[in-house]
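Enquirer: Below is a structure I'd like to ask you about.
The values are calculated or read from the model by the stated rules, or taken from the named source; none is laboratory data. Predicted, not measured: the structure shown is a model, and the values here were computed from it. Note that each Cβ is placed from the backbone with ideal geometry, even for glycine, and that neighbours are counted across all protein chains shown. Heads up: the accessible areas ignore ligands, DNA and RNA and are worked out on the full protein's heavy atoms, side chains in. Shrake-Rupley method; radii C 1.70, N 1.55, O 1.52, S 1.80 Å.
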Amino acid sequence: MSACVTNYTKKRYIAYIVSMVIFIALPFIKINGNHFFLLSFDHKKLNLFFIAFDTQELYLMPFLIMGMFLTILFVTTLAGRIWCAWSCPQTIARVIYRDLLQTKIFKIHKSTANKQKQVDGFFIKKALSIVIFYLFSLLMMSAFLWYFVPPEDFFVYIQNPADHLLLLGILFCASLAFTFDIVYLGEKFCVYVCPYARIQSVMFDNNTVQVIYDDKRGGVIYDGHTKLYQKPPQGECIGCEACVKICPTHIDIRQGMQLECINCLECADACSKIQAKFDRPSLINWTSAKAIETREKVKYFRFRTIGYLVVLCGVFAALVLMGSKKENMLLNINRSSELYQIRKAHDGELIISNAYVFLFQNTDNKAHEYYFDVKLQGIDDGLEIIRPKKPFKLKAGEKDKQIVVLKATKKLADNDRKDTVIPLTIQAYALDDKNIIITRESNFVYPKNSIIEHKKHQ
């Protein structure tokens, strides 16, 4: 076996930069006026994959939530706590605060190689690092809020603070809480607060990729929680404890898998540098327990991961299918409190009408002109639209309530015992876009003969 100095830390830093750029830039990217993801309570709308949905179309949310949890199960079973080390905002922020601000810029710590030693003094430098990090946390919290208050609204709102105290209160309080978390709690948040750390163990199996010390090569140092040796009598571990000193969660990876490990692999990098001096590979690797035991490659695709992947693909397909059925116009129909209205015309003819309330909403990102047609089931040319007579225009996202009156143009039923309920189909559409068309069902109530005769003789 030849030496190989690993550079997981540098790769993590690249992943941090990429994820931060995506996280901050994504709310500014719009296609056809829609965001990749936006849940706006102010405008009561949802943008998903650059498609606009109204809050009445939140039937997609269960699929999103199921997809999120299935993704967590799949990724954790496959690669352990890869999220914690490579993408979690908590870890990224800790690296920025501890390694960049305190170590590289203010030189409070001599090196990032020893995270166990607490440094006294440097009060001014520590205070400055906290202030600078708070400014960074304002950016982080603002970016988070942009997924709920889009940037085009956010920057207008903060220019009028008196009118948007709730938004500013959430921003500053969340930034303070995040700063307290990173500065004071640190990795204790990962160990004691984060629920993901608590449930990960039930999702692991012998093929899950994780950070593992190879005790066959390095030698056994622990028996359970009992430390047997500083340096094992047999094995390649020299007892330098570089892996222990660099660990941000203050554990000894040689003790085996532990709840506190976030898979940052800094211990693997530290060990690889020491072992390289002896022309040997690192004793700590990103692999699986079974691969260490059998000296074979990690088995990524197995029954459990394939099962999660199949179900995840099914949920994603359902999400795409449901999303493809999105309507660019919404229409809710309510009948009036009166079943029907009967009145005499000037020529003595009876006019029988039903009234409805149509609530139209344009969920497209541009204005359209709308109208509708009506048809009774099994009866041709039985109704006439009395109101509204003309099409109407709605701006993008606008709602409009229309009072609709439909008149029977001929005798629709012949029933002496009871009123006749006739199924009614309403087809609403945009006059300027033939692809925008929806169908709704309602009823038209025609009075019984005795009521009609009574009205005739009044």
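Enquirer: Before we move on, is residue 261 within 33 Å of the chain's Cα centre (by Cα), within 23 Å of residue 196 (Cα to Cα) and either part of a strand (DSSP E or B) or at pLDDT 90 or above (or both)? Break it down into steps so the answer makes sense when it comes.
Expert: On the way: within 33 Å of the chain's Cα centre (by Cα): yes; within 23 Å of residue 196 (Cα to Cα): yes; either part of a strand (DSSP E or B) or at pLDDT 90 or above (or both): no.
For residue 261, the condition - within 33 Å of the chain's Cα centre (by Cα), within 23 Å of residue 196 (Cα to Cα) and either part of a strand (DSSP E or B) or at pLDDT 90 or above (or both) - is not met.
Enquirer: So, one more: Taking residue 328 as the residue in question, decide whether it is modelled with pLDDT under 90, open to solvent by 40 Å² or more (accessible area, probe 1.4 Å) and closer than 30 Å to residue 65 by Cβ. Walk me through it before giving the result.
Expert: Working: modelled with pLDDT under 90: yes; open to solvent by 40 Å² or more (accessible area, probe 1.4 Å): yes; closer than 30 Å to residue 65 by Cβ: yes.
The answer is yes for residue 328.
Enquirer: Pull up region 264-278, narrow it to residues that are buried (at least 23 other Cβ atoms within 10 Å of the Cβ) and among the small types (Gly, Ala, Ser), then point me to the one that is nearest to residue 111 (Cα to Cα).
Expert: Here the answer is 270.
Enquirer: Can you find even one residue in region 331-339 that is surrounded by 16 or more Cβ atoms within 10 Å (Cβ to Cβ) and in contact with a helix residue (DSSP H, G or I) (Cβ under 7 Å, 6 or more places away or on another chain)?
Expert: Checked against the condition, which is being surrounded by 16 or more Cβ atoms within 10 Å (Cβ to Cβ) and in contact with a helix residue (DSSP H, G or I) (Cβ under 7 Å, 6 or more places away or on another chain), region 331-339 yields no hits at all.
Enquirer: Restricting attention to helices (runs of 4 or more DSSP H) lying wholly within region 167-248, give those where 1 or more residues are surrounded by 14 or more Cβ atoms within 10 Å (Cβ to Cβ) and hydrophobic (A, V, I, L, M, F, W, C). Walk me through how you get there before you give the answer.
Expert: Values: elements: 195-199, 215-218, 242-245.
It comes to 195-199, 242-245.
Enquirer: Sort out which residues of region 68-82 are over 29 Å from residue 129 (Cβ atoms) and outside any helix (DSSP H, G or I), and write them in order of number. Show your work before the answer.
Expert: Taking region 68-82 and keeping what is over 29 Å from residue 129 (Cβ atoms), we get 68-80.
Hit for region 68-82 is 80, nothing else.
Enquirer: What pairs can you find where one residue is in region 6-31 and free of Cβ contacts under 8 Å to residues at least 60 places away in the same chain and farther than 22 Å from residue 145 by Cβ, the other is among the aromatic types (Phe, Trp, Tyr) and surrounded by fewer than 15 Cβ atoms within 10 Å (Cβ to Cβ), and their Cβ atoms are less than 9 Å apart, with a gap of 6+ or different chains?
Expert: Pairs that qualify, where the first residue is free of Cβ contacts under 8 Å to residues at least 60 places away in the same chain and farther than 22 Å from residue 145 by Cβ and the partner is among the aromatic types (Phe, Trp, Tyr) and surrounded by fewer than 15 Cβ atoms within 10 Å (Cβ to Cβ): there are none.
Enquirer: Return the residues of region 8-49 that are modelled with pLDDT under 85 and over 16 Å from residue 153 (Cα atoms); say none if nothing qualifies.
Expert: 32, 48, 49
Residues checked against (1) farther than 30 Å from residue 48 by Cβ; (2) open to solvent by less than 60 Å² (accessible area, probe 1.4 Å); (3) touching a Leu at 6+ places or on another chain (Cβ under 7 Å); (4) modelled with pLDDT of 90 or more:
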residue: 355; (1), (2), (3), (4): yes, yes, no, yes
residue: 368; (1), (2), (3), (4): no, yes, yes, yes
residue: 385; (1), (2), (3), (4): yes, yes, yes, yes
residue: 392; (1), (2), (3), (4): no, yes, no, yes
residue: 398; (1), (2), (3), (4): no, no, no, no
residue: 403; (1), (2), (3), (4): yes, no, no, yes
residue: 413; (1), (2), (3), (4): yes, yes, no, no
residue: 417; (1), (2), (3), (4): yes, no, no, no
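Enquirer: In addition: Looking at region 83-164, what helices (runs of 4 or more DSSP H) fall wholly within it and have at least 3 residues that are more than 26 Å from residue 211 (Cα to Cα)?
Expert: Answer list for region 83-164: 123-145, 151-157.
Enquirer: Which one of 229, 222, 147 is out of contact with any Gly (no Cβ under 6 Å at 6 or more places or on another chain) and more than 23 Å from residue 292 (Cα to Cα)?
Expert: Numbers: 229 fails: more than 23 Å from residue 292 (Cα to Cα); 222 fails: more than 23 Å from residue 292 (Cα to Cα).
None of the others qualify; the one that does is 147.
Enquirer: Please name all residue pairs, on different chains or six or more residues apart, with Cβ atoms under 6 Å, provided the first residue is in region 304-321 and is more than 18 Å from residue 204 (Cβ to Cβ) and the second residue is open to solvent by 60 Å² or more (accessible area, probe 1.4 Å).
Expert: Pairs found: 315/66.
Enquirer: Inside region 264-283, can you point out the residues that are polar (S, T, N, Q) and in a helix (DSSP H, G or I)?
Expert: We begin by selecting, within region 264-283, every residue polar (S, T, N, Q); these are 272, 275, 282.
Across region 264-283, the qualifying residues are 272, 275.
Enquirer: Restricting to region 249-263, what's the tally of residues that are open to solvent by less than 30 Å² (accessible area, probe 1.4 Å) and among the aliphatic types (A, V, I, L, M)?
Expert: Of the residues in region 249-263, 3 are open to solvent by less than 30 Å² (accessible area, probe 1.4 Å) and among the aliphatic types (A, V, I, L, M).
Enquirer: If you don't mind, another one. Go through 1, 61 for me and flag whichever is part of a loop (DSSP other than H, G, I, E, B), farther than 25 Å from residue 191 by Cα, among the hydrophobic types (A, V, I, L, M, F, W, C) and modelled with pLDDT under 85. Show your work before the answer.
Expert: Numbers: 61 fails: part of a loop (DSSP other than H, G, I, E, B).
Matching residue, one of 1, 61: 1.
Enquirer: Another question, then. Mind counting the residues in region 190-206 that are of a type in the set (Phe, Trp, Tyr), in contact (Cβ under 8 Å) with a residue 24 or more places away in the chain and out of contact with any Lys or Arg (no Cβ under 9 Å at 6 or more places or on another chain)?
Expert: Applying the first criterion (of a type in the set (Phe, Trp, Tyr)) to region 190-206 yields 192, 196, 204.
The next check asks that each one be in contact (Cβ under 8 Å) with a residue 24 or more places away in the chain; those that pass are 196, 204.
Keeping just the survivors that are out of contact with any Lys or Arg (no Cβ under 9 Å at 6 or more places or on another chain) gives 204.
Residues that pass the stated criteria total 1.
Enquirer: Also, I was wondering about something else. Of all residues in region 369-426, how many are under 21 Å from residue 343 (Cβ atoms), part of a loop (DSSP other than H, G, I, E, B) and under 45 Å from the mean Cα position of the chain (by Cα)?
Expert: Final tally of qualifying residues: 2.
Enquirer: So, one more: Restricting to region 49-98, name every residue that is within 22 Å of residue 246 (Cβ to Cβ), hydrophobic (A, V, I, L, M, F, W, C) and open to solvent by 30 Å² or more (accessible area, probe 1.4 Å).
Expert: Of region 49-98, the ones within 22 Å of residue 246 (Cβ to Cβ) are 79-98.
Subsequent filtering for residues that are hydrophobic (A, V, I, L, M, F, W, C) retains 79, 82-86, 88, 92-93, 95-96.
Those that are within 22 Å of residue 246 (Cβ to Cβ), hydrophobic (A, V, I, L, M, F, W, C) and open to solvent by 30 Å² or more (accessible area, probe 1.4 Å): 82, 83, 86, 96.
Enquirer: Same structure again: Can you report the number of residues in region 32-48 which are free of Cβ contacts under 8 Å to residues at least 24 places away in the same chain and buried (at least 18 other Cβ atoms within 10 Å of the Cβ)? Give the derivation first.
Expert: At the first step, the residues of region 32-48 found to be free of Cβ contacts under 8 Å to residues at least 24 places away in the same chain are 36, 44, 46-47.
Among the residues that remain, those that are also buried (at least 18 other Cβ atoms within 10 Å of the Cβ) are: 46-47.
Qualifying residue count for the region: 2.
Enquirer: Among all residue pairs at least 6 apart or on different chains, which show Cβ distances below 7 Å where the first residue, located in region 210-237, is at positive phi and the second is surrounded by fewer than 19 Cβ atoms within 10 Å (Cβ to Cβ) and modelled with pLDDT under 90?
Expert: Short answer, once both residue conditions are applied: 219/232; 219/234; 219/235.
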